[in-house]
Number of protein chains: 2
Amino acid sequence: MTSSPQRGHAARELLLSAAQELYAAHGVAATTPRQVIELSGVGQGSLYHHFPSKVDLAAEALHRTTTQTLGAASEILGTGLPARGRIESYLRKDRDATAGCRVGRLTADPVVMSHDDLREPVGDYFTDLIQLVAAAFMDDGTPPDGAVNRATAAVAVIQGGFVLSRATGDAGQMQRAVEGFIALMTDGESSPAGPIN
Amino acid sequence: MTSSPQRGHAARELLLSAAQELYAAHGVAATTPRQVIELSGVGQGSLYHHFPSKVDLAAEALHRTTTQTLGAASEILGTGLPARGRIESYLRKDRDATAGCRVGRLTADPVVMSHDDLREPVGDYFTDLIQLVAAAFMDDGTPPDGAVNRATAAVAVIQGGFVLSRATGDAGQMQRAVEGFIALMTDGESSPAGPIN
DNA sequence: GTCTATAAGAGGATAGAC
DNA sequence: GTCTATCCTCTTATAGAC
C-alpha cells in the first residue's frame, strides 16, 4: 500500500524507476539529477519536490533495487527442490555478467559509501543473501558454521565473477568461476564421512 | 631505466605516487586533479606539464598499481613450495578487506570503464593473475581446463570477499569466503580417482 | 504537483610569469 | 620545470510562476 503507484504520484514513480536504471548502468555518484530528469521526462523542480536531495532519491531507489534483487534470489533458493540443486541453480542463474552486479558495484561508489542511509541497504542485502544460501547448505547436510563459510564463498564467487567479467569484457569469466566452484563442490560429494566443517 | 626516478622529475614521481594512493582510496572518477596536487605538494601547472589530462595521469598510475599488485601475487604463487600450499597462501594472504581491492574496484569506476587505456591494464591484470593461479592448480595435478575454472573461482572468491567485506564493513566476510572455499577444496582432496575435470 | 529560470560552487583545463 | 591566476562547463540546488 505505501509504495504502490497511485494517482498524483506519477512523477515520483517515474523518477525512482529512472534512477534505478541509471544507477545500475553508471552507479549513484556518476548519475546526475539532470540525467534522472531527462530519462524520466519530468521537470527539474519535480525531483526536488519529491526528494529533498540526490541522496534521498538514491536511498529510496536503492532500497527498491536491493529488495527486488533479494526477492529474485529467494525465489530460486526457496523452492522445494533438493538443496544441492537449488544452490547450483542459484550459481548458474542467467546474469548479465559484463554489466556488473547492480548491488555489488555500489561498494565502489563514493556517494554510497559515504552515506549510511545508502550503505546500510547494500550491507543488509548481502547479509540476507548469505543467510539464504547458508540455509540451503544446511538443508544439504552441512553443519551451521561450515554452511555459512561455504555460502559466503558462493556469494563471493558470483560477485567476483561480475568483477572479472566486467574487467575483461568476457562473460565467460563468470561461467568459468561458477563451474570451477561447482567442480570443487562436486569433488567432495561422495567422500567417506561427508562434510566435516 | 625508463621509469626510475631521476633528477628533474621529482614532481612527476610525487604526482604518480599521490594519484595511486588516492585511486586506491576513492577511485579515479572521484579523485580530482586538485586532490592529487594537494597530496603531492606540487603546483597546479606541474600536473598538466607532465600529463596532458587527468586520464593520462590515471593511465600511468594504474599501470604501476597493476604491475606492483601482480608482482606481489607472483611472489606468493611462484615459490618452490607444494602447489596446494601456494594456493592456500595466496587465498589466506593478509588483505585490508574492508578497503576493497585497489584493482577490482576500478571495474565500477565510470572513468576507467569509458577509456580503453584505463580499462585494458585492469583486464590484463586479472587475466595474468588467473593464469598464475591456474599454473599452481596444474602443478597440483588438476588438468588444464579444470585448473583454469578453479583458478577463476579462486580469484573470484577474493574479489567477492572484498565486495562483501566492504559492503558490510566486516573483514570477517573475506575470511569466511576464503575458508569456505578452502573447505570445498579440502573435501575433495582424497577422493578415489582424484580431480576429474 | 509540476514547470522554467537561475544561482552557487566544484571539476577540469589553460595562460603566461618566473 | 614549476608556479599562480584564471576560465569555462557541469553539477546540485533554489526561486518562484502556473
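What ranking of B:54, B:93 emerges when the number of other C-beta atoms within 10 Å of each C-beta is taken as an exposure proxy, fewest first?
If I rank by nearby Cβ atoms, fewest first, I get B:93, B:54.
Among B:19, B:171, B:72, which one moves the most in a GNM of chain B with springs linking Cα atoms closer than 10 Å?
B:72
Using only the Cα atoms of the protein assembly as shown, build the gyration tensor, take square roots of its eigenvalues as a ≥ b ≥ c, and label the shape rounded, prolate or oblate: rounded if a/c is under 1.5, else prolate if a/b is larger than b/c, else oblate.
oblate
Assigning unit charges at the beta carbon (Lys, Arg +1; Asp, Glu -1) and nothing else, what dipole magnitude in debye, to the nearest 20, does the protein assembly as shown show about its Cα centre?
With Lys and Arg at +1 and Asp and Glu at -1, about 620 debye.
Which peptide among A:98-104, A:178-184 comes first, and what is the full order, when sorted by highest mean count of other Cβ atoms within 10 Å?
Descending packing order for the listed peptides: A:178-184, A:98-104.
Quick one, can you get me the convex hull of the C-alpha atoms of the stretch A:64-134 expressed as volume per residue in Å³?
Per-residue hull volume (Cα only) is 87 Å³.
Can you compute the helix-only [θ] at 222 nm over the protein assembly as shown? Use -39500 (n - 2.57) per DSSP H run of at least 4 residues, normalise by all residues, nearest 500 deg cm²/dmol.
Mean residue ellipticity, 222 nm, calculated: -22500 deg cm²/dmol.
What are the nm distances, shortest first, from residue A:44 to its equivalents in the other copies, labels at 7 Å along Cα→Cβ?
Sorted ascending, the copy-to-copy spacings read 2.7 nm.
So what is the relative contact order for chain A, in percent, with contacts set as C-alpha pairs under 8 Å and at least six apart?
About 20 percent, as a whole number.
Which whole number gives the average count of other chain Cβ atoms within 10 Å of the Cβ atoms across peptide B:166-179?
Mean partner shielding for this stretch: 6.
Can you find, among B:130, A:125, A:16, the residue sitting farthest towards the positive end of the charge dipole of the protein assembly as shown, where Lys and Arg contribute +1 and Asp and Glu -1 at Cβ?
Towards the positive end, the residue furthest out is A:16.
Across peptide A:121-131, how many C-beta atoms of other chains are within 10 Å of each residue C-beta, on average?
3
Pick out, from A:48, A:77, A:173, the residue whose Cα sits farthest towards the positive end of the charge dipole of the stretch A:5-190, with +1 on the Cβ of Lys and Arg and -1 on the Cβ of Asp and Glu.
A:48
Between residue B:55 and residue A:10, what is the label-point separation in nm under the 7 Å Cα-to-beta-carbon projection?
Rounded to a tenth, the inter-label distance reads 4.0 nm.
Of the residues A:48, A:23, A:125, which exhibits the maximal mean-square fluctuation in a Gaussian network model of chain A defined by a 10 Å Cα contact cut-off?
For chain A, modelled as a Gaussian network with Cα springs under 10 Å, the answer is A:48.
So what's the net charge close to residue A:130: Lys and Arg +1, Asp and Glu -1, counting the other residues with Cβ under 14 Å from its Cβ?
Its environment carries a net charge of -3.
In nm, one decimal, shortest first: how far is the label point of residue B:131 (7 Å from Cα along Cα to beta carbon) from the matching points in the other copies?
List, nearest first: 4.4 nm.
For the stretch B:8-69, give the magnitude of the charge dipole about the Cα centre (Cβ charges: +1 Lys/Arg, -1 Asp/Glu; no others), in debye to the nearest 20.
60
For chain B, with a Gaussian network of springs between Cα atoms less than 10 Å apart, report the residue from B:82, B:33, B:121 with the top mean-square fluctuation.
B:82
For Cα pairs less than 8 Å apart in space and 6+ apart in sequence, what is the mean separation divided by the residue count of the stretch B:89-192, i.e. the relative contact order in percent?
32
Which whole number gives the average, over all residues in A:100-109, of C-beta atoms from other chains lying within 10 Å of the residue C-beta?
6
How large is the charge dipole for the stretch B:5-190, taken about the Cα centre, if only the Cβ atoms of Lys, Arg (+1) and Asp, Glu (-1) carry charge, to the nearest 20 debye?
420
Using the alpha carbons of chain B, what is the convex hull volume per residue in cubic angstrom, as a whole number?
Output value, Cα hull per residue: 131 Å³.
Computed FRET efficiency, Cβ-Cβ of residue A:114 and residue B:79, R0 30 Å: what is it to the nearest 0.05?
Efficiency, from the Cβ-Cβ distance: 0.15.
Residue B:93 label points, 7 Å along Cα→Cβ, one per copy: pairwise distances from this copy to the rest in nm, shortest first?
Taking the point 7 Å beyond Cα along Cα→Cβ, the inter-copy spacings are 3.0 nm.
Coordinate-derived values only; no laboratory data. Keep in mind the model is a prediction, meaning the values are calculated, not measured. Backbone-built Cβ (ideal geometry, glycine too); neighbour counts: all protein chains shown.
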